[in-house]
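Here's the structure, in structure tokens; my notes come after.
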Number of protein chains: 2
Amino acid sequence: MEVFGPTVQGEGMVIGRKTMFVRTAGCDYQCSWCDSAFTWDGTGKADIRLLSAKEIFDELLAVGGEGFDHVTISGGNPALLPQLASLIDLLHAEGIRVALETQGSRWQPWFTVIDDLTLSPKPPTSGMVTDLGKLDEIIGELSQAKTVFCLKVVVFDEADLAYAKTIHIRYPGVPFYLQAGNGNLLETDPAALLPYLVERYEWLIEFVMDDNELRGVHVLPQLHTWVWGNKKGV
Amino acid sequence: MEVFGPTVQGEGMVIGRKTMFVRTAGCDYQCSWCDSAFTWDGTGKADIRLLSAKEIFDELLAVGGEGFDHVTISGGNPALLPQLASLIDLLHAEGIRVALETQGSRWQPWFTVIDDLTLSPKPPTSGMVTDLGKLDEIIGELSQAKTVFCLKVVVFDEADLAYAKTIHIRYPGVPFYLQAGNGNLLETDPAALLPYLVERYEWLIEFVMDDNELRGVHVLPQLHTWVWGNKKGV
């Protein structure tokens, strides 16, 4: 649906990493606060293209030139696409590291070869319900394959934070990232959005610092929204 | 000199990590833009205390309670203190991970047991001159010991960025972090500082994105200054 970059990864386990983005269309979720709803709500339908791995790689080179060695696959939910295996293999053959984020609702065998894999189950404010049995299964497969991965939960309120805690406690050995949610997707002026985002990040930090059950965690903002606001494609 | 937290690590390879801070006094450098000059310029002299490893650990517990499993040792230059080995051993025995940052001007055998080790050589704007032979030696020792570590360079201008590139190219296999420098240490109002810091971060991103020799890099701000400004002890 989109190929853009190079830019910095704005969130999670490889925050700050110079990377290209490939965004796939389609999602099995419809999160209330999704910041890429155009991938699944029909509004971006005209931008959907069916591309081979080679065509995607050519577009990465055309857009990003020689200046990258890392590609992030995002969505939608890229785990809906078994055929991503060929893109991942091609990128690896070219010496490029691959990051991918998915909510953990579907398994793909190629999860085990992703270099920076993030499972991001969705908290109550999303309106979605996590299938914990499925998540157990996926995390079991990843652990068996000794894949390095992390968990990330976006948090908007105290109920979300309670959900995040149950996830962290359920999978204690997995690196855990908490991210302050952006509840203001309609603000078009980055300067007006920034104080709100800083306040939300500080709110989350305070809760986590006071909670003795949340110890081995990272608390991060979405850096790209701090810099570019709600602008798409950066 | 200081024991505080828990708070989030604001920069570098473990950005966002919930951690306690232990700050040591004394430095072999006097960087022009040092944000902790009180550790070496005499102004913090009254706060310097000579503490045993056990006393430091007791203070960590008194200040941080039960809510931490990670301690960051910062300075000053903690690499001036051979006796830190006993603190690191004690923390490890308590199941606590240890991060440490140093400029790479002095070697300590305990570098090899640090969990999150950052070498941060200083660019031209600091007024310091890097002893590259010494840095080669330290990185050689770390590589031989298979210690996982990263390099971080703070960047204020294009000359600093050119310096950062020479470091990145000299040690190509080492994870590399670029950090936008805070050239406004006197601003006391975080809200007034924030637009300046965002602008400096965006400036650095633009340069790095356009530079094909800087590929496998992370570009990060100092998150704590975005949230708390120049306030000490957070």
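The table for this structure:
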{"quantity": "Pairs from A:152/B:18; B:152/B:232; A:18/B:231; A:165/B:18; A:231/B:152; A:232/B:122 whose Cα-Cα separation, in the structure shown, is over 25 Å", "calculated": "A:18/B:231; A:231/B:152; A:232/B:122"}
{"quantity": "Region A:2-228 - share of DSSP beta bridges that are antiparallel (%, nearest 5)", "calculated": "15 percent"}
{"quantity": "Residue mean of other protein chain beta carbons inside 10 Å, B:12-20", "calculated": "5"}
{"quantity": "Mean projected area (nm²) of the alpha-carbon convex hull when chain A is viewed from all directions", "calculated": "12.1 nm²"}
{"quantity": "Net +/- balance of residues flanking residue A:149 in space, Cβ distance below 12 Å, scoring K and R +1, D and E -1", "calculated": "-2"}
{"quantity": "For region B:2-228: relative contact order, % (alpha-carbon pairs under 8 angstrom, 6 or more apart)", "calculated": "18 percent"}
{"quantity": "Estimated inter-spin distance, residue A:32 and residue A:58, nm [label 7 Å along Cα→Cβ]", "calculated": "4.5 nm"}
{"quantity": "DSSP-assigned coil residues among trypsin sites (Lys or Arg not before Pro) in region B:136-234, each with at most 13 further Cβ atoms within 10 Å", "calculated": "B:146, B:231, B:232"}
{"quantity": "Loop-resident sites, region B:1-82, for trypsin sites (Lys or Arg not before Pro), counting at most 16 other Cβ within 10 Å (DSSP)", "calculated": "B:49"}
{"quantity": "Mean-position separation - Cα centroids, region A:1-58 and region B:61-108, in angstrom", "calculated": "40 Å"}
{"quantity": "Within the protein assembly as shown, helix-based [θ] at 222 nm, where runs of 4 or more DSSP H residues each add -39,500 (n - 2.57), nearest 500", "calculated": "-10000 deg cm²/dmol"}
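Read-outs: derived from the displayed coordinates by stated rules, not from any lab. Please read all numbers here as calculations on a predicted model, not as lab measurements. Here Cβ is always computed from backbone atoms with ideal geometry, including for glycine, and neighbour counts include all displayed protein chains.
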